[in-house]
Amino acid sequence: MSTFLTTAELALQDRARSFVDELIPWEVEAEMNRGEIPPDVLKGQKDKALELALTSINMSERLGGPGYGMLAQVLIQEQTGRVTNALGWVVSTGPSWIEDVVTDHQIEKWIRPTVDGDIHECYAITEQGAGSDVDGIEATARRDGDDYILNGVKWHVTSANLAAYVFFQAKLTDGPNAGRHVLFFVDMDAPGVECVRVPEYAHTYSHHHWEMKFTDVRVPKENLVGSEGDGMGFSHAWFRYERLMIAARCCGAAERLIEEATAFAEGRQAYGSKIADFQAIQFMLADSLTELWAARLMTYETARAIDAGVDLKVQHAQCSMAKLYASEMANRVADRAVQIFGGRGFMRENVAERFFRELRVDRIWEGTSEIQRMIIADQLRKRGIQPLTG
Ligand SMILES: Cc1cc2nc3c(=O)[nH]c(=O)nc-3n(C[C@H](O)[C@H](O)[C@H](O)COP(=O)(O)OP(=O)(O)OC[C@H]3O[C@@H](n4cnc5c(N)ncnc54)[C@H](O)[C@@H]3O)c2cc1C
């Protein structure tokens, strides 16, 4: 029984946990089949997620979502982190950052079908020459009457193979906002949108990360998100949100790893004893549990502060701290779990092996660990310790 979650929060956590428990048995099938599970099983999971209000969990009631607060979302995402192979992504998170600027046309065409789970989006921001330094992008948007003409090549576009539309970030070439960032809805089947290649990555996910080319893609001005020049602000809002959710999922992954490694250590015999009786093994488990607790407290507390309306810059720093600590913690926990499993921990059918590969990217995407440290240090110098740590 948790002493710091309410009865309602615990019930929500239980609901998400039970749902994820039903996904776990499909992990090895996914791992051995390029991330895929049988379509009818996937459909059943999607339907159940919808029935349990675990679809589009970050979308407001106005946009047709469940309207959860941030702590509620963290509790759900933490559970989805317990399953490998991105099977937890069936619990979807739509483009919640759009709330204040989305038009009726955009709601009807893209957002409502997304919230209802009928279509999916993807994000094309990163380029060959610009990742951490988002302002270095070379993709362009040129105004042509009531349309814009988009050009650029994007990397690592996650879920592109499953998406109906893509958010494309570019810089304006002309007009009063020349050089500033803009973001557009672009339909994946629009003329000029193409997949250049589908690279292989370390994890085995059914969601692929395309390299995409946009050649003279014509979109009407109704596809512009917000106003000219707003593009970077939306990316920051999404990064902030997703960093906290990465922290939550890393806590879930660490919990699963500790659970599995402890169970294995209690059963595995060596030199006439359970390996759990050896201090070397106990210390790895003890360090892992201690670090998980610290990460979980940070993650929950950051979510609570957001729900309480803490200053946006403080949110930014706290989300970075939670992501930095939780992602690095989960990687240490995965490394120890592989060690505890011994040779079995190096087999793809083993949960520790899969997490060992899968968790590595949490130190890279949505801002690398180095970028998180830069954000945190910048806020420390501007605000001091107390506002950032309470
Ligand atoms: C699996 C996967 C999925 C992804 N999905 C998407 C997606 O859907 N859409 C999208 O747009 N992007 C996506 N990305 C891109 C991801 O956000 C970038 O990879 C990430 O931001 C880092 O950028 P980069 O790879 O260009 O590395 P770089 O920015 O080139 O960094 C390389 C190294 O230099 C370090 N570095 C850079 N600047 C500094 C600095 N100022 N001080 C200290 N160190 C620094 C970095 O920390 C890193 O260690 C994805 C990436 C991966 C791997």
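The values are calculated or read from the model by the stated rules, or taken from the named source; none is laboratory data. What you see is a predicted model, and the numbers here were worked out from it, not measured in a lab. Virtual Cβ from ideal backbone geometry, glycine too; neighbours counted across all protein chains shown. Each accessible area value is taken on the protein alone, full model and side chains, heavy atoms only, with ligands, DNA and RNA left out. Shrake-Rupley method; radii C 1.70, N 1.55, O 1.52, S 1.80 Å.
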Relative contact order of the chain: what whole-number percent is it, with Cα pairs under 8 angstrom and at least 6 residues apart? 15 percent
How would you order 369-378, 33-42, 222-231 from highest to lowest mean count of nearby Cβ atoms within 10 Å? 222-231, 369-378, 33-42
Mean projection of the alpha-carbon convex hull of the chain over all orientations, in nm²? 20.2 nm²
How large is the dipole of the chain about the Cα centre if only Lys and Arg carry +1 and Asp and Glu carry -1, each at its Cβ, rounded to the nearest 20 debye? 980 debye
Residue-level accessible surface for Arg62, protein heavy atoms, 1.4 Å, Å²: 140 Å²
Mind counting lysine pairs for me in the chain? Cα separation below 17 Å, and the two need to be 8 or more apart along the chain or on different chains. 7
How fast does the stretch 310-390 diffuse by Stokes-Einstein, in µm²/s, taking the Kirkwood radius from C-alpha pairs at 10 °C and 1.306 mPa s? 113 µm²/s
Size of charge dipole - the stretch 237-386 - debye, nearest 20, with Cβ of Lys, Arg +1 and Asp, Glu -1, no other charges: 360 debye
What is the Rg over Rh value, at two decimals, for the stretch 99-248, using alpha-carbon atoms and the Kirkwood definition of Rh? 0.94
Could you state the angle between the C-alpha long axis of helix 70-80 and the longest principal axis of the C-alpha atoms of the chain, as a value from 0 to 90 degrees rounded to the nearest 10? 60 degrees
Dipole magnitude (debye, nearest 20) for the stretch 288-353, charges at Cβ of Lys, Arg, Asp, Glu: 80 debye
Angle in degrees between helix 369-383 and the longest Cα principal axis of the chain, rounded to the nearest 10: 80 degrees
Euclidean distance of C-alpha centroids, the stretch 114-141 and the stretch 209-268, integer Å: 11 Å
Rounded to the nearest Å, what's the spacing between the alpha carbon centres of the stretch 77-103 and the stretch 333-364? Just the number, please. 24 Å
What fraction, in whole percent, of alpha-carbon pairs in the stretch 304-350 exceed 12 Å separation? 69 percent
Which value, in Å² rounded to 10, gives the accessible area of Cys251 with a 1.4 Å probe and all protein chains present? 0 Å²
Using 0.36 nm per residue, how much length does the chain from Arg360 to Ala294 gain when fully extended, once their Cα-Cα distance is taken away? 21.8 nm
Using alpha-carbon coordinates, inclination of helix 7-23 to the longest axis of the chain, degrees: 90 degrees
Positive end of the charge dipole of the chain (Lys, Arg +1 and Asp, Glu -1 on Cβ, about the Cα centre): tell me which of Gln128, Ala334, Ile107 has its Cα farthest that way. Ala334
Area projected by the alpha carbon convex hull of the stretch 186-315, averaged over all directions, nm²: 13.0 nm²
In order through the stretch 313-330: 3J(HN,Hα) via Karplus (6.51 cos²θ - 1.76 cosθ + 1.60), integer Hz, x for Gly, Pro: 5, 5, 4, 4, 5, 5, 4, 5, 5, 5, 5, 4, 5, 5, 6, 6, 4, 5
Accessible area of Phe184, 1.4 Å probe, to the nearest 10 Å²? 0 Å²
